[in-house]
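The values are calculated or read from the model by the stated rules, or taken from the named source; none is laboratory data. If you're wondering where the values come from, they're calculated on a predicted model, not measured in any experiment. Here Cβ is always computed from backbone atoms with ideal geometry, including for glycine, and neighbour counts include all displayed protein chains.
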């Protein structure tokens, strides 16, 4: 395969100049539950095997870059399906890991990065609303928990794009408004708000960066409530960040933290449907999350 052969030659040339450089290729992650269906997954397994099976390719590269738009390819057309789709990262990335390890052997580990992700790689009205905001937080942490070392959300500014063929709605992959109208716009909705206006996902990106600030390790976290997403990060400074996402648009969801050790709550950052910036609460954690909301509970280990 020309792509694989050219990648090998490129990696050799780059490492001849700088032996410490890291070189990667793009890899399309396929969902084992959707093999045989029409769409992007239809030939992804065959393509992956052909590329990674090319002699010398696995030894030449240091990482693969997956563009994560699983929700779009899986046909998550409703908000409920979108928010449930984050669970797919575990099975898809387990398949990626198995494929990479089989290709590289035990002496060379190929890293996985998500160099581009959003809920859709085209304009989608949910990108600027509450469901998109909750998806950003839940999906990015799910990727990190399941073996992705870096995640790049697309993007800070992008600009509006028409949604579908009717021209009545638009989406924007950006976190901030570009202050524009979509090309060939004739829809009934207003165009974008003034340039730099935050869309809802901008605020949950603040929760995400708070949870992972300074680096650290994701921890196993679980809940028996399907309406709640839960994640945990042990940050490099020893603090613990617990992230909770209420995916129910109508009902509050109670919770009780069960922690691996003795911790005290420092503060809680919370965001819910209709909020601007997250609110801050010092001291004890709330006992429930309001509908369509998220929170980061920061905890310090007790001395």
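Yes/no matrix, rows are residues, columns are (1) under 30 Å from residue 113 (Cα atoms); (2) at pLDDT 95 or above; (3) in the same structural domain as residue 132 (by TED's automatic domain parsing); (4) not in a strand (DSSP E or B):
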{"site": "167", "(1), (2), (3), (4)": "no, no, no, yes"}
{"site": "174", "(1), (2), (3), (4)": "yes, yes, no, yes"}
{"site": "180", "(1), (2), (3), (4)": "no, yes, no, yes"}
{"site": "183", "(1), (2), (3), (4)": "no, no, no, yes"}
{"site": "187", "(1), (2), (3), (4)": "no, no, no, yes"}
Residue list for the stretch 189-202, filter: in contact with a helix residue (DSSP H, G or I) (Cβ under 6 Å, 6 or more places away or on another chain) and assigned to a loop (DSSP other than H, G, I, E, B): 199
Please determine, by comparing only the residues of the stretch 140-165 that are over 17 Å from residue 86 (Cα atoms) and surrounded by 21 or more Cβ atoms within 10 Å (Cβ to Cβ), which one is modelled with the lowest pLDDT. 163
I'm trying to understand the selection: among the residues of the stretch 246-303, which are within 22 Å of residue 202 (Cα to Cα) and assigned to a loop (DSSP other than H, G, I, E, B)? 247, 248, 249, 273, 274, 275, 276, 277, 278, 290, 291, 292
Which one is farthest from the chain's Cα centre (by Cα), of the residues in the stretch 133-163 that are assigned to a strand (DSSP E or B) and over 23 Å from residue 77 (Cβ atoms)? 150
